[in-house]
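The values are calculated or read from the model by the stated rules, or taken from the named source; none is laboratory data. Note that the coordinates shown come from a computational prediction; the quantities given were computed from them, not determined experimentally. Note that we place each Cβ from the backbone using ideal geometry, even for glycine, and neighbour counts take in every protein chain shown. Side chains included, ligands, DNA and RNA excluded: accessible areas come from the protein's heavy atoms. Shrake-Rupley method; radii C 1.70, N 1.55, O 1.52, S 1.80 Å.
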Amino acid sequence: MCKCFFKKIFVCVEHDFIFTDLNISPPWRLLLRLSGLSMARVLSLFRPQPVLALVSRFKPASCNMSMDARVREVFTAAVEAVQPDAVVRQSVERKDDSVAIGGRRFTLKHNLHLVGFGKAVLGMAAEVERMMGDHLVDGVISVPHGIQQTMRQHGKSHLLPKENGQIEVMEGAKHNLPDEDALRAAEKIKQLAKRLTEKDLLLVLISGGGSALLPAPLPPVSLQEKLDVTRRLAAAGATIQELNTVRRALSVLKGGGLAKYAHPAQVVALILSDVIGDPLDSIASGPTVRSEVWPEEILSILERYKLLHCIPTSVKDVIQRQSRKDNVDESDTAGHVQNVVIGSNSTALERARFHARELGFHPVVLSPGVCGDVRSVSKLYGLLTLFACSPVEPPAEVAAEVLALGPEVGVASWDLCRTMRELGERRRAAAGGLAATCLLAGGEPTVELTGKGRGGRNQELALRVGLEWRGLELPPNGPIFLSGGTDGQDGPTEAAGAVTDAGLYAEAQAQGLDIEKFLINNDSYTFFSSLSSGKHLLVPGLTCTNVMDVHVLLFPSTFSNKG
Ligand SMILES: Nc1ncnc2c1ncn2[C@@H]1O[C@H](COP(=O)(O)OP(=O)(O)OP(=O)(O)O)[C@@H](O)[C@H]1O
Ligand SMILES: O=C(O)[C@H](O)CO
């Protein structure tokens, strides 16, 4: 009886989830509920394209599904939540001749203009066109080289704007580096913004990769000079915040410059975040975010990475000239710019959490901000595995070790304590066995490149977790770990990441593969491709979105077949 009640509540929440996904307003929701239509029918009526993918998510969890299939399903659900069209649908509400975004309503009078830059904006633009195409006057988006063809090949044509519509799609920034094509796109975007009046509404679509797709160096700095500086900084290990602080200082459009050009039009930026903590000024270097440039700050970043002596004079001059560049004028504060984060790693983790529960696992979310070297991160997951799996209470030193790792991996003590407590409670409840639990995290760890092999941070992390598990006494049907990039591409490889189980080390040994040797050469892709015909690789193809990485660690139940 009690179980039935909770099931009903669960189904209601799940249905609300679908309604939100489809952007169906509350009165329609009520009508649809009363009509008794099945959710599959609702899905097919309102959104035929991804119907199969969504319907498949709502099939009951099969007891016969392998752990490998389940961990991959949780990842797929995470990526689905941040599909570019879905995030736009969920945050923009069109009603007659008006649109509500981020709690504000704007009147549409054939006054809508659109610009965008980043790896996910093609699909975002296609959805804006579907929802508001009748009021759209013009649009220019700057997207990665070759992305339209790739999307057609992957059967994702619904994420492409209409061929002869109002949106001009410009491809550039080959290999994620600013180039002449991206420069031309940036100039067109600037010109469009410049033409606007106070009657206009400019939608700015922003996602990861936007910095390289919107280059507009401040004269006399040339594109090549700016590229050289950012490249050297990246190679020296600068963080994305440091990199983009320098980019903002050398750019006409970054750091609020685009919003300044669009003034006095209303500017609304829809942002899909690919930076830990969603700092608005760092995502694509914040072209709609008011920013101040402090020469001392830029110079200290360049000094930190020992680059001060080798930067061109033009760059030095531009930095010194801006004693205090305030890129957005005061009218900005009067509310003509609105920045709205419409999707992030947390959005993906939230859906993953939901789906893990559907599959019968108790979800525990560690943090969406895991960073630091993959060695430290894999050590953390090794230690947390002890909390979930050890037959007796782990010694106090283990908790101390976890807490000591916190600052290195960007996770607060509070989150670590909460996670250890929850894992401990699950273990105690299972009285010496395992309780079906799903540990989730996200972020962007780093790899120190020492070799010349092929790999990526997700595959290397999965491999290192396999190594951490080597010495532990884990049940044969024990934990399974997945690390995957939500963009579908991990480093310069075809895979998004990999899946590791407790038997990985023995499996590699049996096939004559020396894990340590592969790790020294940063050759994780070659390792996983060679092991058991690549069955541990995660290869979803390009996903057309990017909210960094997702980590899923599943512990099965040893008390029922469910695990
Ligand atoms: N052989 C390798 N093994 C492990 N990691 C690698 C290897 N080669 C490159 N990498 C790492 O891959 C990262 C680049 O990967 P990727 O192209 O997925 O970038 P990204 O950060 O996801 O890009 P974006 O933020 O634009 O989506 C770099 O941090 C680099 O250190
Ligand atoms: O484009 C960029 O600057 C990075 O992807 C961070 O948003």
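Please enumerate the residues belonging to the stretch 200-252 that are among the β-branched types (Val, Ile, Thr) and either more than 14 Å from ligand 1 (Cβ to nearest atom) or open to solvent by 10 Å² or more (accessible area, probe 1.4 Å) (or both). Across the stretch 200-252, the qualifying residues are Val204, Val221, Val229, Thr230, Thr239, Ile240, Thr245, Val246, Val252. Scanning the stretch 508-525 for residues that are part of a loop (DSSP other than H, G, I, E, B) and surrounded by 12 or more Cβ atoms within 10 Å (Cβ to Cβ) turns up Leu513, Asn521, Asn522, Asp523.
Screening His154, His145, His158 for residues that are under 23 Å from the mean Cα position of the chain (by Cα), within 16 Å of ligand 2 (Cβ to nearest atom) and either among the charged types (D, E, K, R) or surrounded by fewer than 22 Cβ atoms within 10 Å (Cβ to Cβ) (or both) leaves exactly one candidate, His145. Leu553 fulfils the conditions (1) within 30 Å of Val392 (Cβ to Cβ); (2) at pLDDT 95 or above; (3) open to solvent by 30 Å² or more (accessible area, probe 1.4 Å) except for a single criterion, (3).
For (1) acidic (Asp, Glu); (2) outside the structural domain of Ile283 (by TED's automatic domain parsing), each residue gets a yes or a no:
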site	(1), (2)
Asp181	yes, no
Thr197	no, no
Leu203	no, no
Ser211	no, no
Glu225	yes, yes
Gly237	no, yes
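May I ask you to verify whether Pro287 is closer than 14 Å to Val340 by Cα, touching a residue at least 12 places away in the same chain (Cβ under 8 Å) and either open to solvent by 60 Å² or more (accessible area, probe 1.4 Å) or within 16 Å of ligand 1 (Cβ to nearest atom) (or both)? Criteria not met by Pro287.
Out of all the residues in the stretch 268-276, is one or more open to solvent by 40 Å² or more (accessible area, probe 1.4 Å) and not hydrophobic (A, V, I, L, M, F, W, C)? No, there is no match, as no residue in the stretch 268-276 is open to solvent by 40 Å² or more (accessible area, probe 1.4 Å) and not hydrophobic (A, V, I, L, M, F, W, C). Look at the stretch 404-426 and say how many of its residues are within 25 Å of the chain's Cα centre (by Cα) and assigned to a helix (DSSP H, G or I). Number of matching residues: 11. For Val374, state whether it is open to solvent by less than 40 Å² (accessible area, probe 1.4 Å), touching a helix residue (DSSP H, G or I) at 6+ places or on another chain (Cβ under 8 Å), at pLDDT 95 or above and not assigned by TED's automatic domain parsing to the domain that holds Cys544. No; evaluated as a whole, the condition is false for this residue.
Among the numbered conditions (1) over 22 Å from Ala502 (Cα atoms); (2) in contact with a helix residue (DSSP H, G or I) (Cβ under 6 Å, 6 or more places away or on another chain), the only one that Ala400 does not meet is (2). Considering the stretch 253-264, the residues that are part of a loop (DSSP other than H, G, I, E, B) and buried (at least 22 other Cβ atoms within 10 Å of the Cβ) include one that is farthest from ligand 1 (Cβ to nearest atom), namely Gly256.
Is the stretch 383-404 home to any residue that is out of contact with any Leu (no Cβ under 9 Å at 6 or more places or on another chain), surrounded by fewer than 21 Cβ atoms within 10 Å (Cβ to Cβ) and modelled with pLDDT of 95 or more? Checking the stretch 383-404: at least one residue is out of contact with any Leu (no Cβ under 9 Å at 6 or more places or on another chain), surrounded by fewer than 21 Cβ atoms within 10 Å (Cβ to Cβ) and modelled with pLDDT of 95 or more. Contact map, the stretch 507-532: first residue at positive phi, second residue part of a loop (DSSP other than H, G, I, E, B), Cβ cut-off under 7 Å, separation 6 or more or different chains; pairs are Asn522/Val447; Asn522/Leu449; Asn522/Thr450; Asn522/Gly451; Asn522/Gly453; Asn522/Gly455.
Considering the stretch 427-467, and only residues there that are surrounded by fewer than 21 Cβ atoms within 10 Å (Cβ to Cβ) and not in a loop (DSSP other than H, G, I, E, B), the residue that is modelled with the highest pLDDT turns out to be Leu467.
Selection of the stretch 468-487 for residues being under 21 Å from Val547 (Cβ atoms), open to solvent by less than 20 Å² (accessible area, probe 1.4 Å) and part of a loop (DSSP other than H, G, I, E, B) yields only Thr486. Annotation: of all residues in the stretch 526-541 being surrounded by fewer than 19 Cβ atoms within 10 Å (Cβ to Cβ) and closer than 27 Å to Val275 by Cβ, the one that is farthest from ligand 2 (Cβ to nearest atom) is Val539. Each residue in the stretch 101-142 was checked for being more than 16 Å from ligand 2 (Cβ to nearest atom), in contact (Cβ under 8 Å) with a residue 60 or more places away in the chain and under 23 Å from Leu542 (Cα atoms), and 3 pass. A search for C-beta distances below 7 Å between a residue of the stretch 390-407 that is assigned by TED's automatic domain parsing to the domain that holds Arg428 and any residue that is part of a helix (DSSP H, G or I) and open to solvent by 30 Å² or more (accessible area, probe 1.4 Å), counting only pairs 6+ apart in sequence or on different chains, returns Pro394/Leu386; Val398/Leu386; Leu403/Ser413; Leu405/Lys379; Gly406/Ser413. Here Ala216 passes the criteria (1) farther than 30 Å from Gln90 by Cβ; (2) out of contact with any Lys or Arg (no Cβ under 8 Å at 6 or more places or on another chain); (3) in contact (Cβ under 8 Å) with a residue 24 or more places away in the chain except the one numbered (2).
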